[in-house]
Amino acid sequence: NLLYTISDIERIGDHAVNLAEAAKEIEEKKINFSDAAKAELLVLEQAILDVLAKTANAFEYTDLQRAMKVEPHEEVIDVLVREVKSRHVRRLRDGKCTVEYGFVLDDLLTSYERIADHCSNVAAEMIQSASDKMEIHEYLEALKAGQLDESVQYQNNYQRYSERYTFPEEA
């Protein structure tokens, strides 16, 4: 389990490098996202920073309660990423954004989503290792399907994170 976890942590670092490269491209090409896109990215970035901190603390202190909060957080990030993409498509359609900006935005969103995925993997490995539960993906499916004792906690956390990370209304 530790080898899998190390691999996930390394991949988080790889995606951080991808984010740095995207930031460099944004600076070099003087890309200036719309105020709406900037506001959405700020919400998403905060969710990413929070899930990273939660994952790191859970791992550092072998805190299974905190590890249990990572998966619902990751699911909320997936929803946020899909919503940013959807809003971007609407801005493209309305002529408020360009395709070039969309490429950079997609790079950012892909890295954010994958960072959250790897955080989920780290937390799931911790939970599986501590409780000798089923294979990780089976465990996560059962958790989300409400088939486990901790499924209620998962749903409560998901709801709380959904309320915490919300985008401003579209203009």
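Give me the three principal axis extents of region 59-121 from the C-alpha atoms, as integers in angstrom, largest value leading.
49, 16, 12
Taking only the Cα atoms of region 111-150, how large is their convex hull per residue, in Å³?
For region 111-150, the hull spanned by Cα atoms encloses 67 Å³ per residue.
Size of the dipole of region 1-73 about the Cα centre, Lys and Arg at +1 and Asp and Glu at -1 on the beta carbon, nothing else charged, in debye to 20? Kindly include the intermediate steps, with their values, before the conclusion.
Working: 8 positive and 14 negative charges, 22 e Å.
The calculated dipole for region 1-73 is roughly 100 debye.
With n ≥ 4 as the cut-off for DSSP H runs, can you work out [θ] at 222 nm for the chain, using -39500 (n - 2.57) per run divided by the number of residues, rounded to the nearest 500?
Values: 7 runs with 137 residues, N = 171.
My calculation for the chain gives -27500 deg cm²/dmol from helical runs alone.
At q = 0.11 Å⁻¹, what is the base-10 log of I(q)/I(0) for the chain according to the Debye formula with one equal point scatterer per Cα and no solvent? Please give it to two decimals.
-0.49
Based on the Cα coordinates of region 1-67, what is the per residue volume of their convex hull in Å³?
About 81 Å³ per residue, rounded to a whole number.
If all Cα-Cα distances of region 87-128 are sorted into 10 Å bins from 0 onward, what percent lands in each bin, rounded to whole numbers?
Taking every Cα pair in region 87-128, the percentages come to 26, 31, 21, 16, 5.
So for region 99-171, taking the charge dipole from beta-carbon charges (+1 Lys/Arg, -1 Asp/Glu), which of Leu109, Ile136, Gly146 sits furthest toward the positive end?
Gly146
Of the lysine pairs in region 42-168, how many meet both conditions: Cα atoms under 26 Å apart, and a spacing of 8 or more in sequence or different chains?
For region 42-168, qualifying lysine pairs total 10.
Can you tell me the accessible area per residue over region 1-147, all protein chains present, probe 1.4 angstrom, in square angstrom?
With all protein chains present, region 1-147 gives 54 Å² per residue.
Which percent of the accessible area of the chain is formed by carbon and sulfur heavy atoms (probe 1.4 angstrom)?
Carbon and sulfur: 51 percent of the exposed surface of the chain.
Excluding ligands and nucleic acids, what accessible area in Å² is computed for Phe103 using a 1.4 Å probe, to the nearest 10?
140
Counting Lys and Arg as +1 and Asp and Glu as -1, each charge on the Cβ, what is the dipole of region 82-146 about the Cα centre in debye, to the nearest 20? It would help to have the intermediate numbers written out before the result.
Details: 10 positive and 12 negative charges, 117 e Å.
Dipole magnitude for region 82-146 comes out near 560 debye.
Can you compute the charge dipole magnitude of region 17-171 about its Cα centre, using +1 on each Lys and Arg Cβ and -1 on each Asp and Glu Cβ, nothing else charged? Give it in debye, rounded to the nearest 20. Present the calculation step by step, with values, prior to reporting the outcome.
Values: 19 positive and 31 negative charges, 113 e Å.
Its charge dipole is roughly 540 debye.
The values are calculated or read from the model by the stated rules, or taken from the named source; none is laboratory data. Only a predicted model underlies this, so the values are computations on that prediction, with no experimental measurement involved. With ideal geometry, Cβ positions are generated from the backbone for all residues, glycine too; neighbour counts draw on all protein chains shown. Each accessible area value is taken on the protein alone, full model and side chains, heavy atoms only, with ligands, DNA and RNA left out. Shrake-Rupley method; radii C 1.70, N 1.55, O 1.52, S 1.80 Å.
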